[in-house]
Amino acid sequence: MTLDETYQLGYLIKTHGLRGQIVAHFDVDDVAAYTKLKTVYLTLAGAPTKLVEHHIEKVQPQSGNKVLLKLRGIDRIEEAEPLRGSQLHLPLAALPELEEDQFYFHDVIGFTVVDENMGPLGTVENFYELPQQDMLAMSYQGQEVLIPVVDELISHADHAKKEIYVNLPDGLLDVYLKPSTRQQDEAE
(Lines give C-alpha, C1' and ligand atoms only; values in the text may rest on other atoms or scores of the structure.)
Protein backbone atom coordinates (compact mmCIF):
# COMPACT_ATOMS: atom_id res chain seq x y z
CA MET A 1 0.00 0.00 0.00
CA THR A 2 1.29 3.47 -0.89
CA LEU A 3 0.72 6.77 0.87
CA ASP A 4 -1.51 7.91 -2.02
CA GLU A 5 -3.88 5.03 -1.30
CA THR A 6 -4.45 6.18 2.28
CA TYR A 7 -5.77 9.10 4.28
CA GLN A 8 -4.37 10.44 7.53
CA LEU A 9 -6.47 9.33 10.49
CA GLY A 10 -4.35 11.16 13.06
CA TYR A 11 -1.00 10.95 14.80
CA LEU A 12 0.69 9.49 17.86
CA ILE A 13 1.22 12.01 20.65
CA LYS A 14 3.06 10.30 23.49
CA THR A 15 3.57 7.05 25.34
CA HIS A 16 1.29 6.10 28.22
CA GLY A 17 2.50 3.91 31.05
CA LEU A 18 5.18 1.24 30.85
CA ARG A 19 3.35 -1.43 28.80
CA GLY A 20 3.62 0.11 25.34
CA GLN A 21 0.35 2.03 25.19
CA ILE A 22 0.33 5.22 23.12
CA VAL A 23 -1.90 8.29 23.24
CA ALA A 24 -3.08 9.23 19.75
CA HIS A 25 -5.08 12.08 18.25
CA PHE A 26 -7.76 10.99 15.74
CA ASP A 27 -8.78 13.73 13.31
CA VAL A 28 -12.39 12.53 13.06
CA ASP A 29 -15.84 13.70 14.10
CA ASP A 30 -16.67 10.57 16.13
CA VAL A 31 -13.78 8.77 17.85
CA ALA A 32 -16.15 6.06 19.10
CA ALA A 33 -16.71 4.93 15.49
CA TYR A 34 -13.10 3.70 15.44
CA THR A 35 -13.07 1.51 18.58
CA LYS A 36 -13.22 -1.69 16.49
CA LEU A 37 -10.26 -0.70 14.31
CA LYS A 38 -8.03 -3.73 13.62
CA THR A 39 -5.14 -2.35 11.55
CA VAL A 40 -3.44 1.01 11.10
CA TYR A 41 -0.51 2.14 8.97
CA LEU A 42 2.20 4.35 10.46
CA THR A 43 4.60 6.72 8.76
CA LEU A 44 7.64 7.00 10.99
CA ALA A 45 9.56 10.24 11.44
CA GLY A 46 12.68 8.81 9.73
CA ALA A 47 10.73 7.54 6.70
CA PRO A 48 7.70 9.83 6.13
CA THR A 49 6.67 8.19 2.84
CA LYS A 50 6.96 4.56 3.96
CA LEU A 51 3.92 2.89 5.53
CA VAL A 52 4.37 0.31 8.27
CA GLU A 53 1.38 -1.89 9.06
CA HIS A 54 0.49 -2.41 12.74
CA HIS A 55 -2.30 -4.55 14.16
CA ILE A 56 -4.33 -3.00 16.95
CA GLU A 57 -5.17 -4.83 20.16
CA LYS A 58 -7.28 -2.07 21.68
CA VAL A 59 -8.62 1.43 20.99
CA GLN A 60 -9.85 3.21 24.10
CA PRO A 61 -11.43 6.68 23.64
CA GLN A 62 -10.17 9.40 25.99
CA SER A 63 -11.17 13.06 26.20
CA GLY A 64 -11.85 14.98 23.00
CA ASN A 65 -10.27 13.37 19.97
CA LYS A 66 -7.67 11.45 21.93
CA VAL A 67 -7.52 7.68 22.18
CA LEU A 68 -5.32 5.22 24.00
CA LEU A 69 -3.89 2.71 21.50
CA LYS A 70 -2.36 -0.67 22.16
CA LEU A 71 -0.49 -1.99 19.13
CA ARG A 72 0.28 -5.71 18.89
CA GLY A 73 3.96 -6.41 19.53
CA ILE A 74 4.58 -3.08 21.26
CA ASP A 75 4.66 -4.18 24.89
CA ARG A 76 7.14 -1.85 26.57
CA ILE A 77 7.63 1.90 26.78
CA GLU A 78 11.02 1.49 25.06
CA GLU A 79 9.28 -0.01 22.01
CA ALA A 80 6.55 2.66 21.95
CA GLU A 81 8.80 5.71 22.40
CA PRO A 82 10.26 5.69 18.83
CA LEU A 83 6.70 5.79 17.43
CA ARG A 84 5.90 9.20 18.95
CA GLY A 85 5.01 11.74 16.27
CA SER A 86 4.16 9.07 13.68
CA GLN A 87 1.17 9.69 11.46
CA LEU A 88 -1.68 7.17 11.48
CA HIS A 89 -3.12 6.21 8.08
CA LEU A 90 -6.00 4.06 6.86
CA PRO A 91 -6.83 2.91 3.31
CA LEU A 92 -9.04 5.28 1.32
CA ALA A 93 -11.51 2.41 0.99
CA ALA A 94 -12.08 2.63 4.77
CA LEU A 95 -13.53 6.15 4.54
CA PRO A 96 -17.19 6.23 5.59
CA GLU A 97 -19.72 6.72 2.80
CA LEU A 98 -21.00 10.28 2.44
CA GLU A 99 -24.34 11.64 1.35
CA GLU A 100 -24.59 12.55 -2.33
CA ASP A 101 -23.83 16.28 -1.94
CA GLN A 102 -21.01 15.82 0.60
CA PHE A 103 -17.32 15.43 -0.18
CA TYR A 104 -13.93 14.69 1.26
CA PHE A 105 -11.36 17.45 0.79
CA HIS A 106 -8.93 15.23 -1.12
CA ASP A 107 -11.68 14.23 -3.56
CA VAL A 108 -12.36 17.75 -4.88
CA ILE A 109 -8.83 19.05 -5.49
CA GLY A 110 -8.84 20.16 -9.14
CA PHE A 111 -12.64 20.65 -9.26
CA THR A 112 -14.00 23.84 -10.83
CA VAL A 113 -15.50 26.29 -8.32
CA VAL A 114 -18.87 27.51 -9.62
CA ASP A 115 -20.64 30.44 -7.96
CA GLU A 116 -24.46 30.55 -8.12
CA ASN A 117 -24.37 34.14 -9.43
CA MET A 118 -21.04 34.53 -11.25
CA GLY A 119 -20.65 31.06 -12.75
CA PRO A 120 -17.25 29.29 -13.01
CA LEU A 121 -14.54 31.08 -11.02
CA GLY A 122 -11.44 28.95 -10.69
CA THR A 123 -9.99 25.67 -9.51
CA VAL A 124 -9.77 24.10 -6.06
CA GLU A 125 -6.03 24.03 -5.29
CA ASN A 126 -5.92 23.01 -1.63
CA PHE A 127 -7.64 22.98 1.74
CA TYR A 128 -6.23 24.49 4.91
CA GLU A 129 -7.39 23.00 8.18
CA LEU A 130 -7.04 25.97 10.52
CA PRO A 131 -7.94 26.02 14.23
CA GLN A 132 -10.84 28.43 13.64
CA GLN A 133 -12.26 26.66 10.57
CA ASP A 134 -11.33 24.90 7.37
CA MET A 135 -10.63 26.97 4.26
CA LEU A 136 -10.88 26.06 0.58
CA ALA A 137 -8.05 27.57 -1.47
CA MET A 138 -9.07 28.47 -5.02
CA SER A 139 -6.94 29.83 -7.84
CA TYR A 140 -8.81 32.85 -9.24
CA GLN A 141 -7.28 35.28 -11.79
CA GLY A 142 -3.78 34.36 -10.66
CA GLN A 143 -4.56 34.89 -6.98
CA GLU A 144 -5.19 32.43 -4.18
CA VAL A 145 -8.65 33.05 -2.75
CA LEU A 146 -9.68 31.45 0.54
CA ILE A 147 -13.29 30.42 1.04
CA PRO A 148 -14.48 29.33 4.50
CA VAL A 149 -15.82 25.77 4.42
CA VAL A 150 -19.27 26.42 5.87
CA ASP A 151 -22.70 25.31 4.68
CA GLU A 152 -23.76 28.92 4.00
CA LEU A 153 -20.99 29.36 1.39
CA ILE A 154 -20.35 25.88 -0.03
CA SER A 155 -23.50 24.08 -1.06
CA HIS A 156 -22.37 20.81 -2.66
CA ALA A 157 -20.03 19.00 -5.02
CA ASP A 158 -20.97 17.32 -8.28
CA HIS A 159 -18.46 14.48 -8.70
CA ALA A 160 -19.62 13.63 -12.24
CA LYS A 161 -19.05 17.20 -13.49
CA LYS A 162 -16.00 17.77 -11.20
CA GLU A 163 -17.57 20.98 -9.89
CA ILE A 164 -18.07 22.41 -6.42
CA TYR A 165 -20.88 24.92 -5.97
CA VAL A 166 -20.55 28.02 -3.83
CA ASN A 167 -22.55 31.13 -2.96
CA LEU A 168 -19.90 33.75 -2.22
CA PRO A 169 -20.78 36.91 -0.33
CA ASP A 170 -20.51 40.21 -2.19
CA GLY A 171 -17.00 41.62 -2.04
CA LEU A 172 -15.13 38.43 -1.09
CA LEU A 173 -13.27 38.26 -4.39
CA ASP A 174 -12.57 42.01 -4.29
CA VAL A 175 -10.62 41.57 -1.05
CA TYR A 176 -8.11 39.45 -2.97
CA LEU A 177 -8.05 41.40 -6.24
CA LYS A 178 -8.12 45.07 -5.23
CA PRO A 179 -5.07 46.48 -3.46
CA SER A 180 -5.71 47.81 0.01
CA THR A 181 -5.55 51.56 0.71
CA ARG A 182 -2.21 50.97 2.44
CA GLN A 183 -0.76 49.26 -0.65
CA GLN A 184 -2.03 52.09 -2.85
CA ASP A 185 -0.39 54.67 -0.57
CA GLU A 186 2.91 52.77 -0.66
CA ALA A 187 2.80 52.56 -4.45
CA GLU A 188 2.41 56.35 -4.79
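The heavy atoms of residue 49 present about 110 square angstrom of accessible area, all protein chains included, probe 1.4 Å.
Carbon-plus-sulfur fraction of the accessible area of segment 25-145, 1.4 Å probe, in percent? Here it works out to 46 percent.
For residue 66, the accessible surface of its heavy atoms amounts to roughly 90 Å² (probe 1.4 Å, protein chains only, rounded to the nearest 10).
Volume per residue of the convex hull around the Cα atoms, evaluated for the chain, comes out as 171 Å³. Label positions at residue 68 and residue 178, each projected 7 Å from the Cα along the C-beta direction, are separated by 5.7 nm.
When 30, 170, 158 are compared by accessible surface with a 1.4 Å probe, the order from highest to lowest is 170, 30, 158. Taking all protein chains into account, the per residue accessible area for segment 1-66 stands at 62 Å² (1.4 Å probe). What lysines sit close enough to residue 70 to cross-link, taking a C-alpha to C-alpha distance under 17 Å and skipping anything fewer than 8 places away on the same chain? Cα-Cα hits under 17 Å: 14, 36, 38, 58. Per the helix-only calculation at 222 nm, which mean residue ellipticity applies to the chain, given -39500 (n - 2.57) for every DSSP H run of n ≥ 4 and division by its residues, nearest 500 deg cm²/dmol? After summing the helix terms and dividing by the residues of the chain, the value is -2000 deg cm²/dmol. Quick check: Cα centre of segment 110-134 to Cα centre of segment 4-49, how many Å? Segment 110-134 and segment 4-49 have Cα centres separated by 29 Å.
Computed with a 1.4 Å probe on the full set of protein chains, the accessible area for residue 27 sits at about 90 Å².
The values are calculated or read from the model by the stated rules, or taken from the named source; none is laboratory data. These numbers come from a predicted model, not from an experiment. Cβ: placed from backbone, ideal geometry, glycine included. Neighbour counts: every protein chain shown. In case anyone asks, the SASA skips ligands and DNA or RNA and just uses the protein heavy atoms, side chains included. Shrake-Rupley method; radii C 1.70, N 1.55, O 1.52, S 1.80 Å.
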